[in-house]
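What follows is one structure encoded as structure tokens, with my remarks underneath.
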Amino acid sequence: MTETSDALARRTILKGAIAGGLAGFGLGAFPFPAFADADAKEWPADAFKSKNEAETIKALYGKTAEASDKVSLDAPEIAENGAVVPVAVSSALPGVTGIALLVLENPNILAAAYKIPEGTQASVANRLKMAKTSKVVAIVESGGKLYSATKEVKVTVGGCGG
Amino acid sequence: MAGTIRVRATTSGDTTEVQSLIRHPMDSGFVKDAKGELIPAHHIEVVQFEHGGKTVFTALWGPAVSKDPYLKFSFKGGKAGDDLKVSWVDNKGASDSLVAKIQ
């Protein structure tokens, strides 16, 4: 009896040693990325989970937006492929610090948010997925206030379902 | 995940225009695979562009950004031959970075 339990104990110790060795190897194989400066801590998880326009804007910027003709939102009238919808935002407003894009009919409505430091132009182009025909809202943060522009994009083939 | 970033930065006057393309699945978490099982969300969360020791642009992305994301923006300053550093990190902790020369 004692022999068996000794053998078991020894096996457990060995297993532990192997696991420890593997963990050590794992750390060695994947060292901390020396030059990956993008920091996942910056990612606003709450805002990206939100299903509601006002809540999303509040989670991102802590205030509400007003419609403005100084925000220019360039998106197609009809998108044949909802998986790749080209969307561009620019603004002539001074001191722009942020731009966000919302697709109101998507499962989670916030698609992308951009931080615009001083010296960077208030202009960004990207491609978004759209589940179905939806309003796309661009939010621009300028001088501590929020301005928005909205455009409806008709989608013939959705890009979020399968 | 090396070699996922392609970036082209060109100056004209005092403005540098940057276009980047990153190879990434950007799985939304709503798409099913051939067996009918949901493919878990896998997307880039943060992309950062640096020039002269200063962040010139930060993108925060959800899963609604298209596969192999494209991005275009412009910043003031930047000369031909300067370094532009691009880095990204995704929701599984994977990352990549690249230093490109401004043209």
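Bear in mind these aren't lab numbers, they're just calculated from the coordinates by the rules spelled out. Note that the structure is a prediction, hence the values are computed from the model and not measured. Because the Cβ atoms are built from the backbone with ideal geometry, glycine has one as well, and the counts that use them run over all protein chains shown.
Within the listed set B:Asp90, B:Asp14, B:Asp82, the Gaussian network model of chain B (springs between alpha-carbon atoms below 10 Å) gives the highest mean-square fluctuation for B:Asp14. Enumerate the residues in the range B:63-82 having an amide nitrogen under 20 Å from the point lying 7 Å beyond the Cα of A:Ala125 toward its Cβ. Counting backbone N atoms under 20 Å from the label point, the list is B:65-77.
Of the cross-linked pairs A:Lys135/B:Lys35; A:Lys41/A:Lys70; A:Lys58/B:Lys35; A:Lys41/A:Lys63; A:Lys49/A:Lys154; A:Lys51/B:Lys85, those separated by over 30 Å at the C-alpha level are A:Lys135/B:Lys35; A:Lys41/A:Lys70; A:Lys58/B:Lys35; A:Lys51/B:Lys85.
For the segment A:125-133, counting C-beta atoms of other chains within 10 Å of every residue's C-beta and taking the mean gives 5.
Straight-line cross-link reach from B:Lys67 at under 19 Å between alpha-carbon atoms covers these lysines, not counting any fewer than eight positions away in the same chain: A:Lys129, A:Lys132, B:Lys32, B:Lys92.
From Cα pairs below 8 angstrom and at least 6 apart in sequence, can you work out the relative contact order of the range A:40-155, rounded to a whole percent? It comes to 31 percent, rounded to a whole number.
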